[in-house]
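Every read-out reported here was derived from the displayed coordinates using simple, explicitly stated rules and does not represent laboratory data. No experiment lies behind these values; they were computed from the predicted model shown. Methodologically, a virtual Cβ is constructed for each residue, glycine included, from the backbone with ideal geometry; neighbour enumeration extends over all protein chains shown.
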Amino acid sequence: AGTSEEQARGRRQGRGGGARLPGDGPRKAAGRQGALRSSKNLTLPPLLYPVSSDNMLAVHFDKPGGPENLYVKEVDKPSPGEGEVLLKVAASALNRADLLQRQGQYDPPPGASSILGLEASGHVAELGPGCQGHWKIGDPAMVLLPGGGQAQYVTVPEGLLMPIPAGLTLPQAAAIPEAWLTAFQLLHLIGNIQAGESVLIHAGASGVGTAAIQLTRMAGATPLVTAGSQHKLQMAEKLGAAAGFNYKEEDFSEATLKFTKGAGVNLILDCIGGSYWEKNVKCLALDGRWVLYGLMGGADISGPLFSKLLAKRGSLITSLLRSRDKKYKQMLVKAFTEQILPHFSTEGPQRLLPVLDRICPVTEIQEAHVYMETNKNVGKIVLELPH
């Protein structure tokens, strides 16, 4: 076991090639030696134990707590039920929900797998009874999940599978479902974005943030972002942000009002919550919409939120994707597949790019959680599984 751990600690990480942006050269992986490199050169360390044909490897923790509680464990392989597909997972991206679930703060929805992982890519391994013939064994696919993605196999309703756009790798595809469907839902179904509007996107260098910037531009609106470093703001601007504000160095509400010449923004995508409420309301335009989908800054507020929001005739709308029912998610996947997915394969200004910070073997799950918790990532952290 010591040899495998040493190999894992010394392994370089990769971005997956095609997600690079103009001027985006290699950068050092935090706490590691060597520059980022493509996943095609990345090999997984030897497994610590064999896996029988009835079992699989999966990320596991025995009790809630810190990243040190995570490890890879042999568990039962699931079987597809009525209308379900068994996906052999090649890659799964990390999300904030995984960190919260590990900490005991975010339980999976009823009936969902307790294994971490809200999105994955891989190949169809088995079709359950009642499948409609849209997929065949061996087809590459990516999928939105309520859980279970950080394992070698996962079962999923057939209607939640999406084709992988031409030219994308499996790790790149794994970075799309949760982040991009969340951004698409928040902007279009919840926030009702309109051409010509301005949108303030908090955590602009996150997975959802980098997706929302590009989708806002595609909708004919103007994206503004907040982030905590100059590097993150530069990345956001390369993706199309019209302006970026470092919340550690300036009052983003004042900067937003200055950029909009006092009008404020029509729409705010907020994953922060409590600590931002007053500044959000301050820079919200009359009749603006504030969409809350996370509480990274806490759930408590102190002050006259309602009176200030009422004075703006503003709307506060909340949304979570993970707990939505299968029918809603299938509708969302269908709309995204038809309207957005083709733009990942086109050339020109309408092309969309999944942004990957790094790719690492699933055996480095503890390090991946630490890296995300310290807010160092720009884009997605992707885990590769034995495939």
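Structure notes:
- Placing dummy labels 7 Å off each Cα toward the beta-carbon, the span from Ser229 to Thr337 is 3.8 nm.
- Residue separation of Asp107 and Asp62 scaled by 0.36 nm, minus their Cα-Cα distance, works out to 14.8 nm of gained length.
- Size of electric dipole in the chain: Cβ of Lys, Arg +1 and of Asp, Glu -1, about Cα centre, debye, nearest 20: 940
- Residue by residue, the range 90-96 carries 3J(HN,Hα) couplings of 9, 8, 9, 8, 8, 10, 4 Hz when phi is fed to the Karplus relation 6.51 cos²θ - 1.76 cosθ + 1.60 (θ = phi - 60°); x denotes Gly or Pro.
- Extension gain, Glu373 back to Ser315 (0.36 nm per residue minus Cα-Cα distance, nm): 17.8 nm
- With the simple model of a label 7 Å out from the Cα in the direction of the Cβ, Asp300 to Lys327 spans 4.0 nm.
- DSSP-assigned coil residues among trypsin sites (Lys or Arg not before Pro) in the range 327-379, each with at most 14 further Cβ atoms within 10 Å: Arg351
- Across all directions, the shadow cast by the convex hull of the chain built on its C-alpha atoms averages 18.7 square nanometres.
- Residues whose placed amide H lies under 5 Å from that of Gln103, excluding near-sequence neighbours: Gly65
- Calculated [222 nm] ellipticity per residue, helices only, for the chain: -7000 deg cm²/dmol; basis is -39500 (n - 2.57) per DSSP H run with n ≥ 4, divided by all residues, nearest 500.
- In the range 344-387, the GluC sites (Glu not before Pro) that fall in loop regions by DSSP, at most 12 other Cβ within 10 Å: Glu347
- Residues Thr346 and Lys136, FRET efficiency given R0 of 45 Å [Cβ-Cβ distance, rounded to 0.05]: 0.95
- The order of Leu309, Leu187, going from fewest to most other C-beta atoms within 10 Å of their C-beta, is Leu309, Leu187.
- Semi-axis lengths, largest first, of the ellipsoid equivalent to the range 181-318 are 20, 16, 15 Å, with √(5λ) applied to each eigenvalue of the Cα gyration tensor.
- Computed over the range 244-379, the percent of Cα pairs more than 24 Å apart is 52.
- Ranking of Thr256, Thr346 by count of other Cβ atoms within 10 Å, fewest first: Thr346, Thr256
- With the gyration tensor restricted to C-alpha atoms of the range 76-225, the semi-axes of the equivalent ellipsoid amount to 29, 18, 13 Å, longest first.
- If you plug the beta carbon distance of Gln366 and Lys308 into 1/(1 + (r/R0)^6) with R0 = 41 Å, you get a FRET efficiency near 0.45.
- Model label sites at Ser275 and Lys258, defined 7 Å from Cα along the beta-carbon direction, differ in position by 2.2 nm.
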